[in-house]
Amino acid sequence: MARRTVYIETYGCALNFADTAIMKTALLNHGYEIVDKIEDADIIIINTCTVRLDTEEKMSKRILALGKYSKEKNKELVVAGCMATAQPYKVKKLAPHAHLVATYNVHRVIEAIEKRIDLLEEPSKPKTLFMPNPRMMLRGLIAEIPLVDGCLGDCSFCITKLARRHVYSRPMEQITSLIQQLVRRGVVEIRLTGQDVAVYGVDIAGRRLLPTLMRKIMDIPGDFMVRIGMMSPDQLEPVLDEFIDALRHPRFFKFVHLPVQSGDDNVLKIMKRRYSVDQYRALVKEIRSKIPGVMIATDIIVGHPGEDEEAFQNTVRLVEELRFERVHLAQYTPRPRTVAAGLPQVPDPVKKKRSKILGEIIARIGLEEHRRFIGSRARVLVVSPGERGGLDAKMFNYMPVILPPNSARPGSWCNVEITDATWYDLRGRVLECTEPG
Ligand code: SF4
């Protein structure tokens, strides 16, 4: 019998791409073939994201189109991921014949296909025990390893809480073994991802194990760098000293992603974030005082319910004060089945205006900070051919430096001179490189 063929489309963040790697591994293990063209497939899988309203709209259109196409061509359709988990009713309306696979069931995708069932119940065996094939995790010389799915928070704006309800940590031996295999395949940048990597371990050991894992990673031989993913400030606080100690090791990019979301205590309360602005400020100051040159990346939502003009100005003041090295700015959009969606909303034009004001401040600060680098020298790791034609390289603190095309080999370490800067990144000229070993 000919092998059954599967076409997969993936949307969203690193966690979804990691889930696709798990599905691909399971499919290959069971004799299915993955194909690049939808026309060649017997089965279509769409791995969905629903983080914002515009994402949901885009997903809905795609699911509708795939629903029609799969019916016409007599192909099977599987809808996996966050939208299938958090909004199954909506997906079923768009494509009634599709089989749904929740984020925590991606390792069981074969059952959905072969038994033609939905998999929306929590599994008895967590997916984090399933070992993905490292080949499926590669993105050139970069690989993303999901440490932990889910978080301990209950933020009023977040739909992901519905899609990834419980904390599932990947066993430590599995992570170190994956890193070893990836490094053997030439990976030079490993990203440890999760919604909140600071909670890594609470489900398997009853305590936070991120610093312990980091110490284990220091002992793995090879020339590679590791970037630690997003951490909730209140979850990092209990292990801050240990974390800072571990982050000092040269194996780790001096990069800390600590979403603040708002610079106003009242809004933080409405958001159900479990820290105050003062606590957050203290964390940032402590990290900066102990790790010189560290990049603090943060996330900010403007226009959350309860954000009046004064609250917005408090956020502006915090951004001006802390001068974050990186800010991911988003306008709030109501998500179904979340607390914030039921609260009085900030009008759209106000959200837009605030987003524009803050966006300009972030760009101004970025440019001021980055211009200081012009004329200086830096050592960078070349990680990939860049999207805009040049080469993407990273400084010790994960600051991106774009180099001219073909001026170095991906995987090499180079000394560069910084020649220009934008609000987002730096531009450089290669002086000399060490070839990848
Ligand atoms: S976890 Fe959030 S961002 Fe990632 S795929 Fe799900 S909804 Fe999208």
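Computed quantities for the displayed model
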| item | result |
| --- | --- |
| Reachable lysines from Lys285, criterion Cα separation under 21 angstrom, eight or more residues apart if same chain | Lys254 |
| Neighbour-limited loop hits for trypsin sites (Lys or Arg not before Pro), segment 145-196 (at most 14 other Cβ within 10 Å; DSSP other than H, G, I, E, B) | Arg185 |
| Long-range tail of P(r) for segment 127-371 (Cα pairs > 28 Å, %) | 36 |
| Efficiency of FRET between Gln174 and Ile110 - r from beta-carbon atoms, R0 25 angstrom, step 0.05 | 0.75 |
| Per-pair calculated FRET efficiency, R0 = 56 Å: Ala2 and Asn266 via Cβ, rounded to 0.05 | 0.35 |
| For a label point 7 Å along the Cα-to-beta-carbon line of Arg379, residues of segment 226-268 with backbone N under 12 Å | 250-251 |
| Distance in nm between pseudo-label sites at Asp36 and Ile357 (7 Å out along the Cβ direction from Cα) | 4.9 |
| Interchain or long-range residues, amide H under 5 Å from Gly263's placed H | Thr315 |
| ³J(HN,Hα), Karplus 6.51/-1.76/1.60, whole Hz, each residue of segment 244-256, x for Gly, Pro | 4, 4, 5, 5, 5, 5, x, 5, 9, 4, 7, 9, 10 |
| Prolate/oblate/rounded label for the chain (Cα gyration tensor, a/c 1.5) | oblate |
| Distant-in-sequence amide H partners of Gly411 (H built 1.01 Å from N, under 5 Å) | Val382, Val383 |
| Lys90 accessible area, 1.4 Å probe, all protein chains in place, Å² to nearest 10 | 70 |
| Rounded, prolate or oblate (a/c below 1.5 giving rounded, otherwise prolate when a/b exceeds b/c) for segment 5-114 by Cα gyration tensor | oblate |
| Cα gyration tensor, segment 309-437 - rounded (a/c under 1.5), prolate or oblate | prolate |
| Per-residue SASA entry for Leu329, accessible area with 1.4 Å probe, Å² rounded to 10 | 60 |
| Karplus-derived 3J(HN,Hα), 6.51/-1.76/1.60, for each residue of segment 73-83, Hz, glycine and proline x | 8, 6, 10, 8, 10, 10, 10, 10, x, 5, 6 |
| Ratio of Rg to Rh over segment 377-434 (Cα coordinates, Kirkwood Rh, two decimals) | 0.90 |
| Residues in segment 259-286 that a label on Leu329 would reach, taking backbone N under 18 Å of a point 7 Å out along Cα→Cβ | 259-264 |
| Cα centre as origin, Lys/Arg/Asp/Glu Cβ charges: the chain dipole, Debye | 540 |
| Accessible area in the full protein assembly, largest first, 1.4 Å probe, for Glu325, Glu387, Glu173, Glu309 | Glu387, Glu173, Glu309, Glu325 |
| Nearby lysines by direct alpha-carbon distance to Lys272 (threshold 22 angstrom, same-chain neighbours under 8 apart not counted) | Lys161, Lys351 |
| Under Karplus coefficients 6.51, -1.76 and 1.60, residue-wise ³J(HN,Hα) of segment 53-61 in Hz, glycine/proline x | 5, 5, 5, 4, 5, 4, 4, 4, 4 |
| Free-standing Cys, the chain [no other Cys Cβ under 4.7 Å] | Cys13, Cys49, Cys82, Cys151 |
| Cut-off under 5 Å, modelled amide H: who pairs with Ile34 long-range | Val6 |
| FRET efficiency, Lys290 to Lys71 (Cβ-Cβ, R0 45 Å, nearest 0.05) | 0.15 |
| Accessible-area order (highest first, 1.4 angstrom probe) of the listed residues Val339, Val277 | Val339, Val277 |
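The values are calculated or read from the model by the stated rules, or taken from the named source; none is laboratory data. The model shown is predicted, which means the values in this text are computed figures rather than measured ones. Neighbour counts run over all protein chains shown; Cβ positions are idealised from the backbone, glycine included. Note: areas computed on protein heavy atoms with side chains; ligands, DNA, RNA excluded. Shrake-Rupley method; radii C 1.70, N 1.55, O 1.52, S 1.80 Å.
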